[in-house]
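Data first, discussion second: the structure below is written as structure tokens.
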């Protein structure tokens, strides 16, 4: 299995079998959250220790929907990163080095 960026760069093709399913499921979960109304962007730190969901409102129903979507991934993989749901005005809380989609 390819594990480092150097190994991946040195191949012409990376098949799904060479990338752990956790990566695909994690990105799929983030994209599901990204498509929820009022979600502006999602950022995460390397190692998936913290996830920041930037929204346009502080709606309780929106927060519940985001947490429900993410909890399905947590239950499957038993990984529990810190989930931060923040308003656009609080984007400065996102640490440098975070990856955003």
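The values are calculated or read from the model by the stated rules, or taken from the named source; none is laboratory data. What you see is a predicted model; the values in this text were computed from it and never measured. Glycine gets a Cβ as well: all are built from the backbone with ideal geometry, and neighbour counts include every protein chain shown.
Report, by residue number, each residue of segment 63-92 that is in contact with a strand residue (DSSP E or B) (Cβ under 7 Å, 6 or more places away or on another chain), loosely packed, with under 13 Cβ neighbours inside 10 Å and either on the phi > 0 side of the Ramachandran plot or assigned to a helix (DSSP H, G or I) (or both).
Residue satisfying the conditions is 88 alone.
For segment 1-22, how many residues are surrounded by 11 or more Cβ atoms within 10 Å (Cβ to Cβ) and either part of a helix (DSSP H, G or I) or modelled with pLDDT of 60 or more (or both)?
7
Filter segment 91-101 for residues that are out of contact with any helix residue (DSSP H, G or I) (no Cβ under 8 Å at 6 or more places or on another chain) and touching a residue at least 12 places away in the same chain (Cβ under 8 Å); which is nearest to residue 32 (Cα to Cα)? Even if it seems obvious, please write down each step before you answer.
To start, the set of residues in segment 91-101 that are out of contact with any helix residue (DSSP H, G or I) (no Cβ under 8 Å at 6 or more places or on another chain) comprises 91-100.
From what is left, the residues that are touching a residue at least 12 places away in the same chain (Cβ under 8 Å) are 91, 93-95, 97-100.
Numbers: 91: 20, 93: 23, 94: 20, 95: 23, 97: 23, 98: 19, 99: 17, 100: 14 Å.
Once the filter is applied, the top-ranked residue is 100.
Report, by residue number, each residue of segment 45-54 that is over 13 Å from residue 96 (Cβ atoms) and either surrounded by 21 or more Cβ atoms within 10 Å (Cβ to Cβ) or touching a helix residue (DSSP H, G or I) at 6+ places or on another chain (Cβ under 6 Å) (or both). Explain how you work it out, then say what you get.
Taking segment 45-54 as the starting set, the residues that turn out to be over 13 Å from residue 96 (Cβ atoms) are 47-49, 51, 53-54.
Selection gives 51, 53, 54.
For residue 48, work out the one condition from (1) under 15 Å from the mean Cα position of the chain (by Cα); (2) free of Cβ contacts under 8 Å to residues at least 40 places away in the same chain; (3) at negative phi it doesn't fulfil.
(3)
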